[in-house]
Amino acid sequence: MTDRTSRVRRICRDVSAELTDPASVMRTFTESLGDDATPAQLEAQMRSLGSGLPGVALLFGDCAPPALRMDHVSHRHFTTAVQLLRRSPANDPGLHSGISGLALSILLCRGSGNGYGSALQRLDASLGGIVAAVRTSVEHDPIGDRARFDAISGLAGVGRYALLRGAPMRDTLVSVLKTLVALGTSRSVDGHHLPGYWTLTRPRGGLVASPRDGNLNLGMSHGIAGPLALLALAHKQGVSVPGQLRTMEMLADVYRNRARIGEHGVHWPDFIPWDAWLSGDGDEESGRTAWCYGTLGIASALRLAADATGQEELRLLAHSAVESMIRVPLDQWPVSSAGLCHGWAGALNCLKFFATGPHAEEVNRVREEIADVVLRLHDEREPFGFGYPDEDGRTTLALPGFLDGATGVVLALDAYASGSTEAAPWDAALLLA
């Protein structure tokens, strides 16, 4: 065992120990946010996979690293999350923001057992109704809010849970796939061709009134990479609807045709606005270097599309983009926090899927460097071992969750220390597997 691996395992153990009690986790999280969230908002976050207790449960349930598994601890987190949901029912279906995330976490943590059956049935029924409503919304207004289809709040994330759930959610999964295919149909607006998935959501949130002020979002978290990943995963597992392959090809074409060549090689912008789409010119600057936006999430979706369709040129494009990214010195990466979403842990985890490819030596060297960065970010003075700067960068938040918080960092570090480059069960929550 190397010194780095030993340190990683010690940190994973120490941070996990701070996350075993849901009441303590909730109290620390609430104190950290202060007056920045209402009680209702806090409860919504604490019952979500991305921010709250269902994510923390992944550290201790059936899918947990063997050294950390404690089923009774994951049960306490689920019990509290379900109580929060009963106290203030939610209509948000999202994988990271809403009820499909709670369902996915329960499914992963219970393994092959039959526990939580009634809770899953209730969640499944709620999700079926919400998906039907989204489908109706898309039929009436095909250009709209990205939250209808994205991986965080929308159908791409809900569909990943439905695919994992299997037979009980097969009808809902088929409805999700049909809706994603419908969204992939190109539109004509003011005499101009717009691609499917054009959205009225601003890059940083909020809606605009006109498609001219909209954009095509290319990211994994809020853009077309999420639907591409889900469509590919479903097709690989033998679940397809009419037009699914055509939609996948259309989405892949966007990445083929809108790839940019910069100083270090292939990259993509985070989004394409109206004028850039019509002119064919895009932002020449690379997007984020993260799971949520930029090369890592996009390359991951292209890898899955290649797995599903056998199109090796998509795999080559993904590997070429990763090769370009790892040429950039780490001190030039636009990354500052430790988390999975847009931080170093997400980069570390995404790169494991490229660690046996054509650039394996360089990828593994960079993974070692990233692991060292995460280790340096560990701070024993922080309640959960890692602090996260808020949006203005002046305050450090104590976040426990999967997507932005300590849980995701521990899971990524443990996967790195294990030496495995195979998908972990929780990679499903990132649409990486």
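The values are calculated or read from the model by the stated rules, or taken from the named source; none is laboratory data. The structure displayed is predicted, hence computed values, not measured ones. Every residue, glycine as well, gets a Cβ built from its backbone with ideal geometry; the counts of neighbours run over all protein chains shown. Protein only, heavy atoms only, side chains kept; ligands, DNA and RNA dropped before computing areas. Shrake-Rupley method; radii C 1.70, N 1.55, O 1.52, S 1.80 Å.
Observations on the model:
- Shape call, segment 93-235: gyration tensor on alpha carbons, a/c limit 1.5: prolate
- Counting 0.36 nm for each residue step from A423 to H140 and taking away their Cα separation leaves a gain of 98.1 nm.
- Loop-resident trypsin sites (Lys or Arg not before Pro) (DSSP state other than H, G, I, E or B) in segment 154-229 with no more than 12 further Cβ atoms inside 10 Å of their Cβ: R204.
- By accessible area, using a 1.4 Å probe on protein heavy atoms only, the chain has 48% of its surface on carbon and sulfur.
- Between Q311, Q332, Q45, the Gaussian network model of the chain with springs among Cα atoms under 10 angstrom shows the greatest mean-square fluctuation at Q332.
- Note on the chain: helix-only mean residue ellipticity at 222 nm, from DSSP H runs of 4+ residues weighted -39500 (n - 2.57) and normalised by residue number, equals -16000 deg cm²/dmol.
- Going by accessible surface with a 1.4 Å probe and the largest first, H72, H140 read H140, H72.
- Length gained on full extension, S210 to A132, computed as 0.36 nm times the residue gap minus the Cα-Cα distance: 25.5 nm.
- The T5 and R381 beta-carbon pair, evaluated with R₀ = 25 Å, returns a calculated FRET efficiency of approximately 0.55.
- In loop segments of segment 351-391 as defined by DSSP, the GluC sites (Glu not before Pro) with at most 12 further C-beta atoms inside 10 Å of their C-beta are E380, E391.
- Projecting label points 7 angstrom from Cα along Cα→Cβ for S188 and D281 puts them 2.7 nm apart.
- Net charge, K352 excluded, C-beta distance under 10 Å - Lys, Arg +1, Asp, Glu -1: -1
- Projected area, mean over directions - the chain, Cα convex hull, nm²: 19.4
- Derived scalar couplings ³J(HN,Hα) [segment 146-153; Karplus, 6.51 cos²θ - 1.76 cosθ + 1.60; whole Hz; x for Gly, Pro]: 5, 5, 6, 10, 6, 7, 7, 10
- For segment 87-205, the solvent-accessible area works out to 39 Å² per residue, with a probe of 1.4 Å and every protein chain left in place.
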